[in-house]
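Since the structure comes first, as structure tokens, the remarks are kept for the end.
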Amino acid sequence: MTPFIAEIIGTMLLILLGNGVVANVILKGTKGNNSGWIVICTGWGLAVYIGVVVAAPYSGAHLNPAVSIGLALAGKFDWASVPSFVLAQFIGAMIGATVVWLMHRDHFKATEEGDTKRAVFCTAPAIRNPILNLFSEVVGTFVLVFTVLYFTNASITDSGSIVGLGSLGALPVAFLVWGIGLSLGGTTGYAINPARDLGPRIMHALLPISKKSINDWGYSWIPVLGPIIGAIAAAILMLALS
């Protein structure tokens, strides 16, 4: 397992379970249909936990271009590795979104609303206001990256034994994403991750789905730029406080 492959698999699991819970809640005829925002936020938190558990021993489990950029700016990650991590994250996100679509094909066919189908793949604002929508993504990602920068990790000894919580060490980031969703996610759907939004949005455009709606490329820059700005702000504040 290389860091590149770990980021692909970790991000694939993140999107498979994260977009999967959205599909379960909003697509017609699923067992979880209409189960609500609490289920979505909880599902995303657990998706993060599972992705981090798998990828962390090999790549540190960024699973998010904003996290990679924030860590690099804070001096905790090599800038030279950022492009390969971002590429892996986009590949994983696109694979995960495709598997979600394959699993739910009958439910996509049963769902008439194009916007609902698109929502399985990517985010959209509750009230469209580009400035405030961008600000929401900046704030959510700032909280994510700033908190991650202050996490302390379990360490591995020379003998290979894990000191600390081991896999349970992924729980803090799961609770972090869960909290962001519950408290800050209602305005834009809290992408807080460029790969999480743009990768599946691309697959929504490419896959044979009866869309009956636009892919909303006019909004797509917000869940990409907002998280990057939020990550940069978090790293700058962390450096200023060091």
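The values are calculated or read from the model by the stated rules, or taken from the named source; none is laboratory data. Everything numeric here is computed off the predicted structure, so don't read it as measured data. Glycine also receives a Cβ, built like all others from the backbone with ideal geometry; neighbour counts cover every protein chain displayed.
Remarks
- Selection within the range 131-166 - loosely packed, with under 13 Cβ neighbours inside 10 Å, assigned to a helix (DSSP H, G or I) and modelled with pLDDT under 95: none
- Of the numbered criteria (1) over 18 Å from Asp197 (Cα atoms); (2) at pLDDT 95 or above; (3) out of contact with any helix residue (DSSP H, G or I) (no Cβ under 6 Å at 6 or more places or on another chain), the one Arg128 fails is (1).
- Some residue of the range 68-76 being surrounded by 20 or more Cβ atoms within 10 Å (Cβ to Cβ) and either closer than 20 Å to Trp178 by Cβ or not hydrophobic (A, V, I, L, M, F, W, C) (or both): yes
- Restricted to the range 175-242, the set of helices (runs of 4 or more DSSP H) holding at least 1 residues that are over 24 Å from Ala88 (Cα atoms) comprises 217-220, 222-241.
- Which numbered condition Ala80 fails, given (1) in contact (Cβ under 8 Å) with a residue 12 or more places away in the chain; (2) of a type in the set (Gly, Ala, Ser); (3) out of contact with any Gly (no Cβ under 8 Å at 6 or more places or on another chain): (1)
- Here Trp44 passes the criteria (1) among the aromatic types (Phe, Trp, Tyr); (2) crowded, with 22+ Cβ neighbours inside 10 Å; (3) more than 13 Å from Leu13 (Cα to Cα) except the one numbered (3).
- Test: residue in the range 119-127 that is of a type in the set (S, T, N, Q) and in contact with a Lys or Arg (Cβ under 7 Å, 6 or more places away or on another chain): no
- Of all residues in the range 73-100, exactly one satisfies the criterion of being of a type in the set (A, V, I, L, M) and at pLDDT below 95, namely Ala74.
- Residues being farther than 24 Å from Trp221 by Cα and in a helix (DSSP H, G or I) - total across the range 48-66: 11
- The C-beta contact set for the range 183-205 (first residue closer than 16 Å to Ala23 by Cβ and in contact (Cβ under 8 Å) with a residue 12 or more places away in the chain, second residue of a type in the set (A, V, I, L, M) and not in a helix (DSSP H, G or I), distance under 7 angstrom, 6+ apart or interchain) comprises Gly189/Ala124; Asp197/Ala191.
- Residues that are β-branched (Val, Ile, Thr) and either surrounded by fewer than 23 Cβ atoms within 10 Å (Cβ to Cβ) or without any contact (Cβ under 8 Å) to a residue 24 or more places away in the chain (or both) within the range 1-20 comprise Thr2, Ile5, Ile9, listed in sequence order.
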